[in-house]
C-alpha cells in the first residue's frame, strides 16, 4: 500500500483525485480493458490517501501499445455532457468546471480564460485576454465543429502520469473532466511523447481527426498557461505560440 500526503494547499485535492481515479477505474471496467489499471483507493481524507502501490518497471513497446488501445477504449465510451460537475485541480492550480453541451465555449472560458485570469503580469494578462475576446467565439465554433462527442479525459496525461509494471500500464494523478478526446492525446506530446507504438495502437482503434495538429497546439496552450502560472520563465514562449495559432484560425 502507498500513502500519498496532501501537499497542495487545497483541502479537497486528494478527494478530487480519488474521485477521478474511480471514474477511470469504472471506465476501464465498462470498456473491458484489463491491461490498463489505476490504483485502488482504500481510504482518503483531506490529509492523506491510501492506495495501491505500484512497482515501476521500464516501459515496453507492448505495454505502450496496450496503453494506447486502452485509452482509445475509454475515449470511445458514450458520455452525457462536456465539462464536469465539480471543480478539481490541474497540478497545483484549481481547474474550474461546469456541465455543458457546448465544448468550445467550455474550453475557451473554463480552460483558457481562467488560466489567463491567473497571470500575474498585467500586460501579458491583458494581451492574452484581448486575443480571447476577439477570437474566442471563432475558436469555440471551430472546436465544436471538430469535436463529435464528449469523452472521459484523464486531463493531465503527460509521461509522468503513466507508469508500467511487469503486467500492465497504470494511470495516476488524473484531473478528470469530459471533453474532446484529442485533448488527452495532445498533452501526451508535450514532454517527449509516449512512443510510436502508443500512437499507432491508439490510432488503429480511434483515428485522429485531420485537424488534430492545430487542435494539439490549442489544447496544449491550456497546460502551457498552467505551467507558466506555476513556474513562469520558459513557458511564456509556448503560450505565445498557442495564441498565434488562435489568431490564425
Report yes if some residue within the range 90-107 is out of contact with any helix residue (DSSP H, G or I) (no Cβ under 7 Å at 6 or more places or on another chain), crowded, with 19+ Cβ neighbours inside 10 Å and either under 30 Å from residue 52 (Cβ atoms) or in contact (Cβ under 8 Å) with a residue 12 or more places away in the chain (or both); otherwise report no. yes
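Yes/no matrix, rows are residues, columns are (1) without any contact (Cβ under 8 Å) to a residue 24 or more places away in the chain; (2) buried (at least 17 other Cβ atoms within 10 Å of the Cβ); (3) touching a strand residue (DSSP E or B) at 6+ places or on another chain (Cβ under 6 Å):
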{"residue": "4", "(1), (2), (3)": "no, yes, yes"}
{"residue": "7", "(1), (2), (3)": "yes, no, no"}
{"residue": "13", "(1), (2), (3)": "no, yes, yes"}
{"residue": "20", "(1), (2), (3)": "no, yes, no"}
{"residue": "29", "(1), (2), (3)": "yes, no, no"}
{"residue": "39", "(1), (2), (3)": "no, yes, yes"}
{"residue": "43", "(1), (2), (3)": "yes, no, yes"}
{"residue": "47", "(1), (2), (3)": "no, no, no"}
Within the group 199, 222, 235, which residue is farther than 21 Å from residue 65 by Cβ and in contact (Cβ under 8 Å) with a residue 40 or more places away in the chain? 222
Residue hits (the range 194-212; outside any helix (DSSP H, G or I) and farther than 19 Å from residue 73 by Cβ) are 210, 211
Whichever residue in the range 49-62 is in contact (Cβ under 8 Å) with a residue 60 or more places away in the chain and in contact with a strand residue (DSSP E or B) (Cβ under 6 Å, 6 or more places away or on another chain) and, among such residues, is nearest to residue 6 (Cα to Cα): 54
Scanning for something within 16 Å of residue 151 (Cα to Cα) and buried (at least 19 other Cβ atoms within 10 Å of the Cβ), does the range 220-242 turn up at least one residue? no
Within the range 63-85, count every residue that is exposed (fewer than 13 other Cβ atoms within 10 Å of the Cβ) and out of contact with any strand residue (DSSP E or B) (no Cβ under 7 Å at 6 or more places or on another chain). 2
Could we say that residue 123 is farther than 21 Å from residue 247 by Cβ and exposed (fewer than 15 other Cβ atoms within 10 Å of the Cβ) here? no
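No value in this document is a laboratory result; all are computed from the given coordinates. Note that the coordinates shown come from a computational prediction; the quantities given were computed from them, not determined experimentally. Virtual Cβ from ideal backbone geometry, glycine too; neighbours counted across all protein chains shown.
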